[in-house]
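The structure under discussion appears below in the form of structure tokens.
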Amino acid sequence: MENMFRLMGSEDFSDRKRCIWINGPVIVGAGPSGLATAACLREEGVPFVVLERADCIASLWQKRTYDRIKLHLPKKVCQLPKMPFPEDYPEYPTKRQFIEYLESYANKFEITPQFNECVQSARYDETSGLWRIKTTSSSSSGSEMEYICRWLVVATGENAEKVIPEIDGLTTEFEGEVIHSCEYKSGEKYRGKSVLVVGCGNSGMEVSLDLANHNANASMVVRSSVHVLPREILGKSSFEISVMLMKWFPLWLVDKILLILAWLILGNLTKYGLKRPKMGPMELKIVSGKTPVLDIGAMEKIKSGKVEIVPGIKRFSRSQVELVDGQRLDLDAVVLATGYRSNVPSWLQENDLFSKNGFPKSPFPNAWKGKSGLYAAGFTRKGLAGASADAVNIAKDIGNVWREETKRQKMRTRVGHRRCISVA
């Protein structure tokens, strides 16, 4: 409490009615990373508060994903700490199943986030040795609050904000519908329409597949090289196979084996406009964080001509797009599958743990801990497994300090009681 008294004496500590002292860490974000960290802290016996800007947990999954999405990796590598998926769930759970799993997870560990709390800033107060987190309510009240705590866990994730590219004429001339993939739900409304998907990652491929399944005229922009792997090889997930191979072989050989297997199953994709990077899929993932595309049916549509691969965009006009090779396509709509970015730099006032791109400066597995009680959960570029590893490490680290200080506090209390008795 000494730190709290110092803070109360500082110049800018005013309007105490709107300040809340948190006896434990504040976790920013109630997605899978934040929930996993909260659950592990609960198991360590450490109290916490979770702040979430949306009105629900896992808002990315609940509000910003398309209907047909499933986990791309097997459920056993996507489960959060302390609680496996139900046995009757399929190998690749659906969107609804994953959300139900997360809701059950929050209930089991009694995680009740403070919803509609949007963090405006968080900074470390050197005088008090405490973190000061200012929020505004996104509800109708719009009230402001300041949370004071010793530990801050950043769990807002890699996909906090959508990325909208600047393309000549897209917003100024094109008269058709333009949405980001986070707003796309189903291809039903695009039946019979011409739709351009900008981006060829997992989202771009899956949106293109869904559009083709709903008989839309789908085209997909592929500007650069991309690795496409089958989701499964001989009944085993490509991910599991790559992890197993990396235990025995060097990285370059693992990549070589994966590419040979991909060629045997998918064939030569170059003739369809999909060129592979010079760097292997696993090496590229480790070096840049760029995940290979796991094919769940899009390649069949591309080979059959139901999804057309087109080169980069030059500009948009009222109802057309002009491509860099001179082609012009008539369009009704554009789906921007152009990814997401971290929003940490917009609110966290710190330059030690996080870099300007919103990701930790240190690579995995050393990216979870900074200085002055600052932690990062879910920024490993290793999916849910990486987020779970972060959560376990963070909780153990805070838990060790918590138990030691609680033990010392109890000892001081006992000593105080003995002194009172002797004086009496």
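Checked against the criterion of being open to solvent by less than 10 Å² (accessible area, probe 1.4 Å), in a strand (DSSP E or B), modelled with pLDDT of 95 or more and on the phi < 0 side of the Ramachandran plot, segment 83-105 has no qualifying residue. Considering segment 72-82, the residues that are over 21 Å from Val28 (Cβ atoms), in contact (Cβ under 8 Å) with a residue 40 or more places away in the chain and crowded, with 18+ Cβ neighbours inside 10 Å include one that is farthest from the chain's Cα centre (by Cα), namely Pro74.
The set of residues in segment 246-289 that are in contact (Cβ under 8 Å) with a residue 60 or more places away in the chain and either surrounded by fewer than 16 Cβ atoms within 10 Å (Cβ to Cβ) or farther than 23 Å from Pro363 by Cβ (or both) comprises Leu274, Gly289. Within segment 107-132, the set of residues being over 18 Å from the mean Cα position of the chain (by Cα) and either among the aliphatic types (A, V, I, L, M) or in a strand (DSSP E or B) (or both) comprises Ile111, Gln114, Glu117, Gln120, Ser121, Ala122, Arg123, Tyr124, Asp125, Leu130, Trp131, Arg132.
For first residues located in segment 308-319 and more than 11 Å from Gly199 (Cα to Cα) and aliphatic (A, V, I, L, M), partners that are open to solvent by 70 Å² or more (accessible area, probe 1.4 Å) and assigned to a strand (DSSP E or B) and lie 6+ apart or on another chain with Cβ distances below 6 Å do not occur. Exactly one residue out of Val221, Val228 is more than 23 Å from the chain's Cα centre (by Cα) and either at pLDDT below 90 or under 22 Å from Thr338 (Cβ atoms) (or both): that is Val221.
Looking only at segment 377-424, residues that are modelled with pLDDT under 90 and either under 18 Å from Met83 (Cβ atoms) or in a helix (DSSP H, G or I) (or both) come to 22 in all. Residues in segment 29-70 that are more than 18 Å from the chain's Cα centre (by Cα) and among the β-branched types (Val, Ile, Thr): Val46, Val49.
Across segment 208-220, the number of residues qualifying as over 13 Å from Ile302 (Cβ atoms) and crowded, with 18+ Cβ neighbours inside 10 Å comes to 3.
Tell me, yes or no, whether segment 229-248 has at least one residue that is part of a strand (DSSP E or B), within 27 Å of Cys182 (Cα to Cα) and touching a His at 6+ places or on another chain (Cβ under 7 Å).
no
Considering Thr156, Thr172, the condition of being more than 18 Å from Ala38 (Cα to Cα), β-branched (Val, Ile, Thr) and not in a strand (DSSP E or B) is satisfied by Thr172 alone.
The values are calculated or read from the model by the stated rules, or taken from the named source; none is laboratory data. Values in this document were obtained by computation on a predicted structure and should not be read as measured data. Note: ideal-geometry Cβ built from the backbone for every residue, glycine included; neighbour counts use all protein chains shown. In case anyone asks, the SASA skips ligands and DNA or RNA and just uses the protein heavy atoms, side chains included. Shrake-Rupley method; radii C 1.70, N 1.55, O 1.52, S 1.80 Å.
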